[in-house]
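I have placed the structure first, in the form of C-alpha cells, so that the comments after it can refer back to it.
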Number of protein chains: 2
Amino acid sequence: MSKEITSREQDYSQWYNDLILRGGLADYSAVRGCMVIKPYGYALWENMRDVLDRMFKDTGHQNAYFPLFVPKSLFEAEEQNAEGFAKECAVVTHYRLKNDPEKKGKLMVDPEAKLEEELVVRPTSEAIIWNTYKDWIQSYRDLPILVNQWANVVRWEMRTRLFLRTAEFLWQEGHTAHATADEAIVETKQMLDVYAAFAEEYMAMPVIKGVKSPAERFAGAEDTYCIEALMQDGKALQAGTSHFLGQNFAKAFEVKYLTKENKQEYVWATSWGVSTRLIGGLVMTHSDDQGLVLPPRIAPLQVVIVPIYKGDEGKAEMAPHADKLIAELKAAGIRVKYDDNDNTRPGWKFAEYELKGVPVRVTLGARDLANGVVELARRDTKEKSTVPLEGLAERIKGLLVEIQDNLFARAKAFRDAHITKADTWEEFERVLDEKTGFVSAHWDGTAETEAAIKEKAKATIRCIPLDNPLEEGKCILTGKPSTQRVLFARAY
Amino acid sequence: MSKEITSREQDYSQWYNDLILRGGLADYSAVRGCMVIKPYGYALWENMRDVLDRMFKDTGHQNAYFPLFVPKSLFEAEEQNAEGFAKECAVVTHYRLKNDPEKKGKLMVDPEAKLEEELVVRPTSEAIIWNTYKDWIQSYRDLPILVNQWANVVRWEMRTRLFLRTAEFLWQEGHTAHATADEAIVETKQMLDVYAAFAEEYMAMPVIKGVKSPAERFAGAEDTYCIEALMQDGKALQAGTSHFLGQNFAKAFEVKYLTKENKQEYVWATSWGVSTRLIGGLVMTHSDDQGLVLPPRIAPLQVVIVPIYKGDEGKAEMAPHADKLIAELKAAGIRVKYDDNDNTRPGWKFAEYELKGVPVRVTLGARDLANGVVELARRDTKEKSTVPLEGLAERIKGLLVEIQDNLFARAKAFRDAHITKADTWEEFERVLDEKTGFVSAHWDGTAETEAAIKEKAKATIRCIPLDNPLEEGKCILTGKPSTQRVLFARAY
C-alpha cells in the first residue's frame, strides 16, 4: 500500500492529504469545505478530548452546552468580534422547505417561512454565552464562572484543508467570568499552560508559548496567548489560543456584578480553545513517507498483533497463544487489536498498520512461539527485535513510553534546529526560503511594519515568546529601534 | 427554597419547568426553542452518554462525525424522509454578513453571498451519511458498517418544552449498513435492547419495548421499534427508537455491494437514536414536589456532605474528619461533594441538595462525630438514620444500590398500575381521562381508525408490545375484528 503514498519530498501537501485519507482519519464530504471524520480519526479525537476534558476538570471547569445559533442582534453586539467573523459565517434565514411546484420530487425554500431575525451558525460562542451570563451573574458570589463547551462551529473559509482549516470543525471553547482583571489573566495563562502540557506530554508536539501581536489577536480580545508548533515542512501552526477578553463582552452585554463593597462593576472574561486542527498538527509533526506515526499516549491502537499461520489448523493452534497475550496486554491497560482476518495477507497488514501509525506491531509465528519468542516492530524507528514472550506486557509498556519520549525528542530537536536568528532583511528572507522554520528577528512594534513584512515575505509574527529576553536591536525591515526579538514564520 | 416550587397537583407542567430551571439542569436561551444545558444538567448528560457509549462500543460500534449541513439535493433524495422533515428544518442560504449601510453598527445578510445550493441543518443524518457510505461500500468485505455519531440536530418545532422538545437537541444516531435484511433486523432489535437496558438499569425508568404502527414510523423506515415510558401525570413518553430502514436509503443513494456470489445488491440499513429528551423523562419519572430525584448510577453527585459547625474554629475542627470521609468515599468510587461554603446555612443547603436530587446527604455534626456517628438522609424516601462512621463508605455504597433499586421498583409499580384494558369506547375514554396511563385495547389495524381515535380521544398508539399475546377481539372504535391489543396513551 505504502507505494501509493506521495513522498514528502515529491509533494508535501499531497503527502499530507494521502495520509489523512488513506490512513482512515477523514474523508471529503458532499458539503463544501466540510469533512467526514472517520472512525479511526474520531477515536484519536476522543482520546485527545478525554485527556483535555480531564485537565479542564482538574483545573475546576465544568462543561455546559449553549445554542448552535446566534441571533444576528447578539452577534453584532461586540463590534470587533462581529467584524472579525461576519465575513465568513453561515446564516440561517428560513425554517422550512416546501415542494417545488415546478420540479416534481424537488424541494425549495418556503418564502413564507422566513425568520424575523437571521440566525448565525456559531463561529465562536462569546456572544451567545455572554448574553446568558448576564442572567447568571448578579454578585461576586456568582463568580468565577468556569465553563467549557465541546461543540461544532462553522467558519465559511474559502480555502480549506482537511483538519487544518475546514468550514465546520469540532473544538472546545472555555468561557470564564471573573471579578478582577488579575484573576482573568491568571486563568488565561493557566489554560495556555494546560494546552502546552497537553501538546507536549500527550501529542509529543513541542510548542512555543507566546503572546500574539495586536494584529494577530482574536477579534474582541485584549490579549491573545498562543502555542505555536513547527511542522516538518518548516511552516508554523497555531495549535491553541487563550484570550484575555478584558471587559469587552461584559460591556457589550451589560454584565455587571455587585462587589463585596456594594458597587456595580463589569465582569472580566477569558476564552480559550483548541480544535480538530490539532490532528493536522499531529500528523505533520511525526509522520513519514510510509504513513502516520502516532504517539502511544493518544493512539487509538497502541499495539497490533499479526499472526502468521497456514490454513485453519494453523489459525486454531495460534488462537490460545493470542488470547493469552491479548489478555495480558489488556490487563496492563494497553489498547490492542488482534488481526486474524483471512481476507488479507500478513504483508498487506504490515503495510496497513504502518500506514495507520500503530506504535508497536507484534508478529506471532508458529516457530517463534515454539521457541517462546515473538517479533516486535516499532513504528517510530522501524527497528525490529525478537523478544521473549515471558514478561512481554511489561516490556511493551516500557517500549510505549520509550516511543512517546523518542517522538517528542525527535520533534523537539527538529524544532530547535529551525529557530534561526536573522539580523538583516536578506538573512531573514534567506532563512525563510532555504532553511525555513521560525526566524527570531527584531521588529519595530508597529502594525504597518508587520503588514509590510507579511506582504513582502509571506511571513507573520507567530508570537512574542513568553520567556523572551529583552535585547536591544534594530527592526529587520525599517531599522528602527526594538527591545526584543519576535518569532516570524510562514504558517498554516 | 422548596416552597417556591409549584406542586405537581397545582400545575404539573409548571412543576416540571420549575425543576428544570431551579434544579440547575437548563435555562431558556435567546434563540427561539433552543435551551442552554447548564453544568449540572450537562454533567448528568455526560454520565448518560458515557454509559451508552460504552454499551455501543461493547456491541461493536465505532464513533464518527459527519457534516452538520445537508445539501438540499441530498436532503430530498429519499422522498419519505425528506417529506417528514422538510416542514421543520433550518436552512442556510447565505455565507456572509456585511455592514448595513442604513444602520450604523448593524449587520445584514450580504445578498452577494448567496449559496448556489441551500444547506439544511441536519434534523437527522441518514441522507448525508448514506451519501458517504456510497464511497465506503464496494463489496461484502466492507460490511457491516457499525457507526454511531454524537451530535446536535435541529428540528424547527413550533411548540417547545425544555429537554422534551427543543429546536436544537443533543443526541446520538447510530447508522449501520448490512449485507442482509436479517442481519439489519437483528441489529435494530439489539439496539432496542441496549436502550431498554440503559433506561431500566441506569435511569431506573421502566420501559415497554414495542413496534410502532405504520402511521407513527420514522420517515423513511420500514419498521420503527421503540421504548415507551410512563410519566407521573399518566402521559407516555417515547424514550428511544430503533429503525429498520430496509433498502430505502441504499436505493436513494445507489449504495450497492458485490456479494460473495459476484452479484450487485442494495445494502440494508438501520438507524437508532436517543437524545437529551431522556433527561425530561428522567425528571418526570422520579421527581417530587421537593425537587429532582436522580438515580445514583447516573447522578452527577451521589453524596453531599454538609457540615454543621460554629465559626472558623468549628470549621477547622471539622475539616480532618471531612477529609478522611471524602477520601474513603472517593476510594469507594463514589461521586461526593463537601459543601462548607460559609455563604449559606445548613438548612438552605439541605433544601438545595434536595432540590437537586442528590441521592444521599451526610450531615456532619460535632456532637455526632464525638459519638462516632453521622446522620444519613435518603432523597428517595426522605428517611433519616444515624449510623456509625466506621464502615460508612461500604454502607453508603450499599445504600446507593438500594436507592437505585427502590426508584426502579417504585416507577415500575406505578407504570404497571397504569396499564389498563379497555373493551368499549366509553371505558377507553374514561381510563384516558380519569386513571390515565396506557390503555390496552383492540384496534382494527387501519390508519383511518388510528387517525379517528387520535382525533376523538387525543390518544395515539404508542406501540404494539414485542411480547404481545395474540387475542381475538373487536376494535374499540369500529368493532371490526382484531387479533391483538395495542397500547394507546396520550403522550409527550
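The values are calculated or read from the model by the stated rules, or taken from the named source; none is laboratory data. Since this is a predicted model, take the numbers as computed values, not measurements. All Cβ positions, even for glycine, are placed from backbone atoms using ideal geometry, and neighbour counts span all protein chains on display. Accessible surface is based on the protein model in full, side chains and every heavy atom, while ligands, DNA and RNA are left aside. Shrake-Rupley method; radii C 1.70, N 1.55, O 1.52, S 1.80 Å.
For region A:118-134 and region B:58-78, what is the separation of their C-alpha centers, rounded to whole Å?
Each part's Cα centre sits 26 Å from the other's.
What is the sum of charges around A:Phe249, taking Lys and Arg as +1, Asp and Glu as -1, for the other residues whose C-beta is under 9 Å from the C-beta of A:Phe249?
Numbers: positive: A:Lys251; negative: A:Glu78, A:Glu126.
Value of the local net charge: -1.
Where does each of B:Arg345, B:Arg32 land when they are ordered by accessible area, with a 1.4 Å probe and the largest first?
Accessible-area ranking of B:Arg345, B:Arg32, largest first: B:Arg345, B:Arg32.
Taking only DSSP H segments of four or more residues, each worth -39500 (n - 2.57), what value at 222 nm results for the protein assembly as shown once the sum is divided by all its residues, to the nearest 500 deg cm²/dmol?
Numbers: 28 runs with 336 residues, N = 984.
So the helix-based figure for the protein assembly as shown works out to -10500 deg cm²/dmol.
Let me know the charge dipole size of chain B about its Cα centre in debye, to the nearest 20, where only the beta-carbon of Lys, Arg (+1) and Asp, Glu (-1) is charged.
With Lys and Arg at +1 and Asp and Glu at -1, about 800 debye.
Between copies, how far apart are the A:Ala327 label points? List them in nm, one decimal, shortest first, with each point 7 Å from Cα toward Cβ, please?
3.6
In this model, which of A:Lys251/B:Lys114; B:Lys337/B:Lys412; A:Lys330/A:Lys356; A:Lys103/B:Lys103; A:Lys72/A:Lys251 are farther than 28 Å apart at the alpha-carbon?
Numbers: A:Lys251/B:Lys114 33 Å; B:Lys337/B:Lys412 30 Å; A:Lys330/A:Lys356 20 Å; A:Lys103/B:Lys103 39 Å; A:Lys72/A:Lys251 18 Å.
Going by Cα-Cα distance, A:Lys251/B:Lys114; B:Lys337/B:Lys412; A:Lys103/B:Lys103 fall outside the 28 Å limit.
What Kirkwood hydrodynamic radius do you get for region A:351-492 when you take the inverse of the mean 1/r over all pairs of distinct Cα atoms, in Å?
For region A:351-492, inverting the mean 1/r across all distinct Cα pairs yields 18.7 Å.
When the Cα centres of region B:135-171 and region A:317-360 are compared, how far apart do they sit, in Å?
32
Using a Förster distance of 56 Å, how high is the FRET efficiency between B:Glu375 and A:Lys397, based on the Cβ-Cβ distance and rounded to 0.05? Could the numbers behind the result be given before it?
On the way: r = 46 Å, r/R0 = 0.83.
In this case the efficiency is close to 0.75.
Compute the helix-to-body angle for A:39-58: its Cα long axis versus the longest principal axis of chain A, expressed 0 to 90° and rounded to tens.
Between helix and principal axis, roughly 60 degrees.
What does the charge add up to near A:Pro465, with Lys and Arg as +1, Asp and Glu as -1, over the other residues with Cβ less than 10 Å from its Cβ? Before the final figure, lay out each step's value.
Numbers: positive: A:Lys209, A:Arg462, A:Arg485; negative: A:Glu228, A:Asp467.
Result for the local shell: +1.
Using only protein heavy atoms and a 1.4 Å probe, report how much of A:Leu107 is accessible, in Å² to the nearest 10.
10
So if I average 1/r over every pair of distinct C-alpha atoms in region A:303-403 and take the inverse, what Kirkwood radius in Å does that give? Provide the component values of the computation, followed by the final result.
Values: mean 1/r = 0.0732 Å⁻¹.
Over region A:303-403, the inverse of the mean reciprocal pair distance is 13.7 Å.
Towards the positive end of the charge dipole of chain B, with charges on Cβ (+1 Lys, Arg; -1 Asp, Glu), say which of B:Gln10, B:Gln80, B:Asn406 has the farthest Cα.
Among B:Gln10, B:Gln80, B:Asn406, the one farthest towards the positive end of the dipole of chain B is B:Gln10.
Could you put B:Asp368, A:Asp193 in order of accessible surface area, largest first, with the 1.4 Å probe and the full protein assembly present? All intermediate terms of the calculation are to be shown ahead of the outcome.
Working: B:Asp368 50, A:Asp193 75 Å².
Final ranking, largest accessible area leading: A:Asp193, B:Asp368.
Apply 1/(1 + (r/R0)^6) to the Cβ-Cβ distance of B:Asp182 and A:Asp340, taking R0 = 22 Å, and write down the FRET efficiency to the nearest 0.05.
0.30
What's the magnitude of the charge dipole for region B:230-309 around its Cα centre, counting Lys and Arg as +1 and Asp and Glu as -1 at the beta-carbon? Answer in Debye, nearest 20.
On the way: 7 positive and 6 negative charges, 72 e Å.
For this selection, approximately 340 debye.
Restricting to DSSP loop positions (anything but H, G, I, E, B) with no more than 16 other Cβ atoms inside 10 Å of their own Cβ, which GluC sites (Glu not before Pro) remain in region A:1-52?
On the way: sites: A:Glu4, A:Glu9, A:Glu46; in loops: A:Glu9.
Counting only loop positions with at most 16 other Cβ atoms within 10 Å, the GluC sites (Glu not before Pro) in region A:1-52 are A:Glu9.
For A:Glu383, go 7 angstrom from Cα along the Cα-to-Cβ vector, then report the distances to that same point in the other copies in nm, smallest first.
6.3
How big is the gap, in Å, between the Cα center of region A:28-43 and the Cα center of region B:370-405?
With region A:28-43 and region B:370-405 each reduced to a Cα centre, they are spaced 49 Å.
Shortest first and in nm to one decimal, what separations exist between B:Val401 and its copies in the other chains, measuring from label points 7 Å along the Cα-to-beta-carbon line?
The answer, with the shortest distance listed first, is 3.7 nm.
Between the helical axis of A:392-416 and the dominant principal axis of chain A, each derived from Cα atoms, what acute angle in degrees is found, rounded to the nearest 10?
That helix lies at roughly 50 degrees to the long axis.
Largest first, how would A:Tyr16, B:Tyr202 line up by accessible area (1.4 Å probe)?
Working: A:Tyr16 0, B:Tyr202 45 Å².
Listed by decreasing accessible area, they come as B:Tyr202, A:Tyr16.
Could you work out what % of the accessible surface of region B:303-403 is carbon and sulfur, using a 1.4 angstrom probe and leaving DNA, RNA and ligands out of the count? Present the calculation step by step, with values, prior to reporting the outcome.
Details: 2610 of 5190 Å².
Carbon and sulfur: 50 percent of the exposed surface of region B:303-403.
A:Leu146: accessible area at probe 1.4 Å, nearest 10 Å²?
40
P(r) for chain A: what percent of alpha-carbon pairs falls in each 10 Å bin, starting at zero?
Cα pair-distance distribution for chain A, in percent: 4, 17, 24, 23, 17, 10, 4, 1, 0.
What do the square roots of 5 times the Cα gyration tensor eigenvalues come to for region A:418-489, in whole Å, largest first, as semi-axes of the equivalent ellipsoid?
On the way: eigenvalues 52, 40, 25 Å².
So the equivalent ellipsoid measures 16, 14, 11 Å along its semi-axes.
For the protein assembly as shown, compute Rh as the Kirkwood radius over C-alpha pairs and then the Stokes-Einstein diffusion coefficient at 37 °C and 0.692 mPa s; write the answer in µm²/s, rounded to an integer. Walk me through the numbers on the way to the answer.
On the way: Rh = 31.2 Å.
Stokes-Einstein gives a translational diffusion coefficient of 105 µm²/s.
So, R0 is 51 Å and r is the distance between the beta-carbons of A:Ala447 and B:Lys87; what FRET efficiency does that work out to, to 0.05?
Working: r = 51 Å, r/R0 = 1.00.
It comes to 0.50.
Whole number in Å², please: accessible area per residue of the protein assembly as shown, 1.4 Å probe, ligands, DNA and RNA not counted.
Numbers: 40380 Å² over 984 residues.
Using a 1.4 Å probe on heavy atoms only, each residue of the protein assembly as shown averages 41 Å².
Using a 1.4 Å probe on protein heavy atoms only, how many Å² of accessible area do A and B hide from each other, summed over both chains and rounded to 100?
On the way: alone 22860 and 22820 Å², together 40380 Å².
Interface area, both chains combined: 5300 Å², rounded to the nearest 100.
Say the dipole of region A:209-347 comes from +1 at the beta carbon of Lys and Arg and -1 at that of Asp and Glu; which of A:Thr259, A:Gly333, A:Ser271 then lies farthest toward its positive end?
Towards the positive end, the residue furthest out is A:Thr259.
What figure, in Å² to the nearest 10, do you get for the accessible area of B:Phe438 with a 1.4 Å probe and non-protein molecules left out?
Only protein atoms counted, so the area is about 0 Å².
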